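Read the structure below first, then the notes.
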Amino acid sequence: MTTAARVTAPRANARMLAEVAAGLSGPQKELPPKYFYDHRGSKLFEEITRLPEYYLTRTERGLLERWMPRLIPSLGTRALVELGAGSAEKTQIILDAMRASGTAELYVPIDVSAAFLRETADRLQRAYPGLTVTPAVADISEELNVPRGLPAPALFIFLGSTIGNFYPPAAIRLLGRVRAALRPGDRFLLGADLRKDPAIIEAAYNDAAGVTAEFNRNMLRVLNHELAADFDPDAFEHLAFYEPDAHRIEMHLVARAPHHVTIPGIGEVRFAGGESIRTEISCKHDLPSLAALFTAAGLRLETWQTDAARRFALVVGAPL
Ligand code: AVJ
């Protein structure tokens, strides 16, 4: 370890520092999963989506391919607003359906990572020359930052089962922000991973190639870079397990040995051997749990589709 003082973090972020300080001060240390996704983390997640064990992405893609060519013309979607757009690979299935029905006017990808968002927006702008692409940088756990005056009707989408990363009260607040942005005639499309044999879920978050473990540890690299912390990612082991009572998988980083980490602006953070940081929850759903989330947020669950094995669901909501 170096003894040279690092005075300030590059691009030090007051909100991140406050969240990290709060998350590491309790008996169960916990960090928000949005901090996986710097450029490297986004690339690692893309790699996860291609793993044989990670059934979520390819199942959702299959559902979109089957359903969007019928759903989009029936809705007449002219504007598509995507929460947590990331690389927007599956979005093209929806944009293709909008183009085929002659209604593709505006695409608004919303993401916390400005760099990745720029890449995505530029790529889609080239692929769909007649479409206006207006990216919005926002932390969707706090705000949506949707432009005013969207062409109507608009379809808001939140894919990939990312809703599962939010504790139920936060999930309801997020869906409530979507509800507040919906006008009569607008719709909301949610992708949600379903409850199933825990062995299938646990395999998806413990891949044999170790990509998920690297993705998990990437959060510590993000903290090192953003806050000038001195985490040693290799001092932590990847752990993912299903909690049947809460219907969720949890990811943790477990300290291999007692040690401490220094974060400028926070101080020394101590770890006992075997002590963990919870880095993600991924809640799994069924139709009643999804309907309850929607109702609590002022949404009506209008229709839903699942794959034959009932692993994953696409759900359409309308304002109540
Ligand atoms: C994109 C957030 C839905 O929870 O399954 C993948 C992230 N975590 N492997 C998920 C993730 C571990 C993923 N989400």
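The values are calculated or read from the model by the stated rules, or taken from the named source; none is laboratory data. This is a predicted model, so every value here is computed, not measured. Virtual Cβ from ideal backbone geometry, glycine too; neighbours counted across all protein chains shown. We work out accessible area using only protein heavy atoms, side chains counted, and drop any ligands, DNA or RNA first. Shrake-Rupley method; radii C 1.70, N 1.55, O 1.52, S 1.80 Å.
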With the condition kept exactly as written, say whether any residue in the range 140-149 is within 16 Å of the ligand (Cβ to nearest atom) and either more than 15 Å from the chain's Cα centre (by Cα) or open to solvent by 10 Å² or more (accessible area, probe 1.4 Å) (or both). yes
Could you check the range 219-276 and list, in sequence order, the residues that are acidic (Asp, Glu) and either exposed (fewer than 14 other Cβ atoms within 10 Å of the Cβ) or in a loop (DSSP other than H, G, I, E, B) (or both)? ASP230, ASP232, ASP234, GLU243, ASP245, GLU268, GLU275
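To keep it simple, each residue is scored yes or no on (1) within 16 Å of the ligand (Cβ to nearest atom); (2) closer than 21 Å to ILE201 by Cβ; (3) surrounded by fewer than 21 Cβ atoms within 10 Å (Cβ to Cβ); (4) not aromatic (Phe, Trp, Tyr).
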{"residue": "ALA22", "(1), (2), (3), (4)": "no, no, yes, yes"}
{"residue": "GLU47", "(1), (2), (3), (4)": "yes, yes, yes, yes"}
{"residue": "LEU51", "(1), (2), (3), (4)": "yes, yes, yes, yes"}
{"residue": "TYR54", "(1), (2), (3), (4)": "yes, yes, yes, no"}
{"residue": "LEU71", "(1), (2), (3), (4)": "no, no, yes, yes"}
{"residue": "LEU83", "(1), (2), (3), (4)": "yes, no, no, yes"}
{"residue": "LEU95", "(1), (2), (3), (4)": "no, no, no, yes"}
Here are some conditions: (1) without any contact (Cβ under 8 Å) to a residue 60 or more places away in the chain; (2) closer than 30 Å to ARG66 by Cβ; (3) surrounded by 14 or more Cβ atoms within 10 Å (Cβ to Cβ). PRO288 meets all but one. Which one does it not meet? (3)
Considering PHE241, PHE271, which residue is more than 15 Å from the ligand (Cβ to nearest atom) and among the aromatic types (Phe, Trp, Tyr)? PHE271
Would it be correct to say that PRO258 is more than 16 Å from the ligand (Cβ to nearest atom) and within 28 Å of GLN305 (Cβ to Cβ)? no
Expected output for the range 159-184 (first residue under 19 Å from ASP286 (Cβ atoms), partner more than 12 Å from the ligand (Cβ to nearest atom) and open to solvent by 50 Å² or more (accessible area, probe 1.4 Å), Cβ below 6 Å, 6+ apart or cross-chain) is ILE172/ALA296
When you go through (1) in contact (Cβ under 8 Å) with a residue 60 or more places away in the chain; (2) within 14 Å of the ligand (Cβ to nearest atom); (3) closer than 29 Å to ASP307 by Cα; (4) open to solvent by 40 Å² or more (accessible area, probe 1.4 Å) one by one for ARG66, which number turns out not to apply? (2)
